């Protein structure tokens, strides 16, 4: 089930650059719906569902998440760290972490107590170098278990909220990966002519790196990028809402006619859809896909998400289900359309 | 044995980003008798090859150094400029600069009004010539200059300009002169324009399309009172990079370099750099991707006229490059 | 000169259709072979004597705005596409979407401003376009999220041989490129009208990937801070002083030997030229010189004041000089031995 899949992968570690560590998980879920599996040289996972035509469609959702990396082992069992990908230091305060050393080690990130922190200091913005992971071990023991370069993530169990809302770490972009799985399930029910490549890309958070190499390898005719987008909250009210459908993007990085076709399919089959305008950088794998080799026409679909890049990212499962169905239907419609006509200028 | 003569020649040679002609010629002269093939690509990268039938390995050290480019020659004979590569205005005051033709100048500052910040636009070069015609004849918009400073060596260290990355070039030159007996097809690349965005490495990586790539470049250290916090220190051995802003080193490459160091008794340390990048950045994203790593030389005072490294660390780096070339 | 028509067309980065269609028609009129690639670049081929593969590039896109949201009062919130200083948006007329619905970007009446407010411009997220409706429903009948918005600005010739228009960056380049293709020179080159330069040199990258040029010549409209109170050495380029040759910008360190060769061609042909003296800004050369195995590149630009606004200004003299110089550079490079 969708929730079980998400709860499983959100509890597993796939920090940028280390996506190979839990390599058994994704194949377990994608195998029943695809014919083959391989990786690119950066570690992106590519699952292929073969069709009958020559058309290749690449779906891309990044499997990597932001994380921490140990830089120094200090007296008293403290670890200094840096971030892999962009993290707001304020979101790390008073958190529990798991350090992946020789074995998993539990740690806590705290700050100085209020008694000895004056008002001035409390107002100052926090930096990563002000924070430490407290492991509770003496240094002589700790150095046997942890090395410089080891990875750590926030320890967070996924959580069910009201209705179909869930909260977990790394829904950016496990929600996108879940959409791919939903699409794969739908496509297995309706047959498809195009060859569909479900790609869980590596190292998106550090610069859409896996998207570059995997799209070069697959060299598809079109790309469908699945991401998460900013969802409405009281302090940001002019954003798309959770539960009202995935967000389709308009902008220079994306092929206008292909996007329009997707919107038409959603209207025809009554899939809920929201919209956003993206004039320049999208901050997604579309950055890389659009200009790989001679260019790959793309569309970008995002699941509305609150509190991005914190450990309490929140989405509505309905949006993931609807996105999966809409894309499967879109691929089906493309199979029966003149793709060349859609892509020509 | 540290080859001081070679390092001094490399450090003193004029070669800011985009003007690598002289340093390229110098390196060709040093290596031409030791390699099977030499070529230069459209951007100016120098590509030397020791042929083999096995795995294709690419080493990359950059030839270019940071400098300044003249943007204006004014009526009074003063030169205005902007930076080529990472240089801040506040680090330039009073420095001596030298041009390709040997002429020199000193960086001076305009008057700063109340609370005005010092920027490149407030600096100018005084070339010490009162004859304005002479200035017009000998200095043109587009000319570049680099630090003028003296090469200096102690028992264990070297202080010189452009250790970034002439020491990387030194290491590759010494390694290829002692190229191991191997089936590997090894490319020693002396790249261009790293300081302005690792540009040469992008095209060289695309052309060569190696199975494995290792950049050889300087890294910072955490052993001085400045603001950089790192474990890396002078005399800690060859630094095996784990991560910087351009690259997360492929774990298999990091493990291989670790394994080779332990097996060959090479002193090493791990390095995480929280800023900056190297040639391995663009190379590892070439085409379908290339597993890549970096062997770094710990260096203090980077991007100044007096960068400092340890000769022992250099020896360890050469050993590690040779071990990787033959693995 | 195709400049009047080109500057009055709408082609914000990512939506260059009008400009592309105009260029396609012109290429058909002059019987020039071309094709459109996967990103929408127009790649024309002028056949002739050939020593090397030359790519002459000018970008079709202009900076502009894109509709982000329609609020409950029917006012249109937007974002900038490409680099726009918010100060140039105050009190302007714009055209929204394919149907060019006219709208205004207004400003609070000065009588109602406090002393601190006067003289300041609001940041872009506080601005909005007013098309004269009162409700979200009314606006949504005419405007959608994702619609592109460009400045309304007519082409005007004024002063001593001067031009004013929007998007001189880089319709001047496109106009020159069309003129070059019309000349039917006996020299082989690809004339590439690129997309999305202003948002990251996107089109140039894939075009260079396909063509694998030996030499790239980029035609641009470039910055000129040629105004009172600015020192000569800070102006970057000076209006009327001729074709501007780049030595370095934030995307490319130009091969100085190639640049001096172009300068020599200018001198030999009595063509006025100057150097572009700032390291800031970047253009399609940044993508072209680093694609695949790499290429040599030069940038030849027309100085423009008030670039990236609705009122950019350039000199017809500089236009003519860039046209002549580019022609001679192409001929010289494809000269027989």
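The values are calculated or read from the model by the stated rules, or taken from the named source; none is laboratory data. Everything numeric here is computed off the predicted structure, so don't read it as measured data. Cβ: placed from backbone, ideal geometry, glycine included. Neighbour counts: every protein chain shown.
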| task | Specify the residue that is farthest from the other protein chains (Cβ to nearest Cβ); the eligible residues are those in the range C:1-28 that are in a loop (DSSP other than H, G, I, E, B) and closer than 20 Å to residue C:156 by Cβ. | result | C:1
| message | With the requirement that a residue be touching a helix residue (DSSP H, G or I) at 6+ places or on another chain (Cβ under 6 Å) and over 17 Å from residue C:173 (Cβ atoms), what does the range C:33-64 give you? | response | C:39
| query | Only one of these conditions is not met by residue A:27: (1) touching a residue at least 40 places away in the same chain (Cβ under 8 Å); (2) not assigned by TED's automatic domain parsing to the domain that holds residue A:102. Which number is it? | reply | (1)
| Is the range C:57-72 home to any residue that is away from chain A (no Cβ under 12 Å) and part of a loop (DSSP other than H, G, I, E, B)? | no
| field | Within the range A:230-345, strands (runs of 3 or more DSSP E) holding 1 or more residues that are crowded, with 19+ Cβ neighbours inside 10 Å and within 13 Å of chain C (Cβ to nearest Cβ) | value | A:247-250, A:274-277, A:298-305
| task | Could you run through the range A:84-100 and say how many residues are surrounded by 18 or more Cβ atoms within 10 Å (Cβ to Cβ) and within 14 Å of chain B (Cβ to nearest Cβ)? | result | 4
| remark: Within the range C:190-230, residues facing another protein chain (nearest Cβ under 8 Å) and either free of Cβ contacts under 8 Å to residues at least 40 places away in the same chain or assigned to a strand (DSSP E or B) (or both) come out as C:200
| said: Please determine whether any residue of the range C:164-181 is over 29 Å from residue C:41 (Cβ atoms) and touching a strand residue (DSSP E or B) at 6+ places or on another chain (Cβ under 7 Å). | reply: no
| field | Residues satisfying the stated conditions in the range B:276-327, i.e. part of a loop (DSSP other than H, G, I, E, B) and more than 16 Å from the chain's Cα centre (by Cα) | value | B:285, B:286, B:287, B:288, B:289, B:290, B:291, B:326, B:327
| message | For the range C:307-314, check the following and say yes or no: at least one residue is farther than 22 Å from residue C:63 by Cα and surrounded by 23 or more Cβ atoms within 10 Å (Cβ to Cβ). | response | no
| query | Which residues, taken from the range C:90-104, are within 14 Å of chain A (Cβ to nearest Cβ) and either more than 16 Å from residue A:279 (Cβ to Cβ) or not in a loop (DSSP other than H, G, I, E, B) (or both)? | reply | C:96, C:98
| query | On the given criteria, is residue C:177 crowded, with 24+ Cβ neighbours inside 10 Å and under 18 Å from residue C:329 (Cβ atoms)? | reply | yes
| In the range B:67-78, residue surrounded by the most Cβ atoms within 10 Å (Cβ to Cβ) [restricted to those that are within 19 Å of residue C:254 (Cβ to Cβ) and out of contact with any helix residue (DSSP H, G or I) (no Cβ under 8 Å at 6 or more places or on another chain)] | B:68
| query | Give me the pairs: first residue in the range C:29-42 and within 7 Å of chain A (Cβ to nearest Cβ), second residue modelled with pLDDT of 95 or more and assigned to a strand (DSSP E or B), beta-carbon distance under 8 Å, and six or more apart or on different chains, which are they? | reply | C:36/C:42; C:36/C:43; C:37/C:43
| request: Only strands (runs of 3 or more DSSP E) wholly contained in the range A:118-213 count here; list those with 1 or more residues that are crowded, with 23+ Cβ neighbours inside 10 Å, within 19 Å of the chain's Cα centre (by Cα) and modelled with pLDDT of 85 or more. | output: A:151-154, A:195-201
| note | All conditions in (1) crowded, with 20+ Cβ neighbours inside 10 Å; (2) outside any loop (DSSP other than H, G, I, E, B); (3) not assigned by TED's automatic domain parsing to the domain that holds residue C:314 are true of residue C:140 except (1)
| request: Looking at (1) at pLDDT 95 or above; (2) in a loop (DSSP other than H, G, I, E, B); (3) surrounded by fewer than 24 Cβ atoms within 10 Å (Cβ to Cβ), find the lone condition where residue B:159 falls short. | output: (2)
| Among (1) within 14 Å of another protein chain (Cβ to nearest Cβ); (2) buried (at least 23 other Cβ atoms within 10 Å of the Cβ); (3) farther than 23 Å from residue A:311 by Cβ, where does residue A:19 come up short? | (3)
| query | If you scan the range B:182-233, which residues turn out to be assigned to a loop (DSSP other than H, G, I, E, B), at the interface with chain C (Cβ under 10 Å from one of its Cβ atoms) and surrounded by fewer than 24 Cβ atoms within 10 Å (Cβ to Cβ)? | reply | B:196, B:197
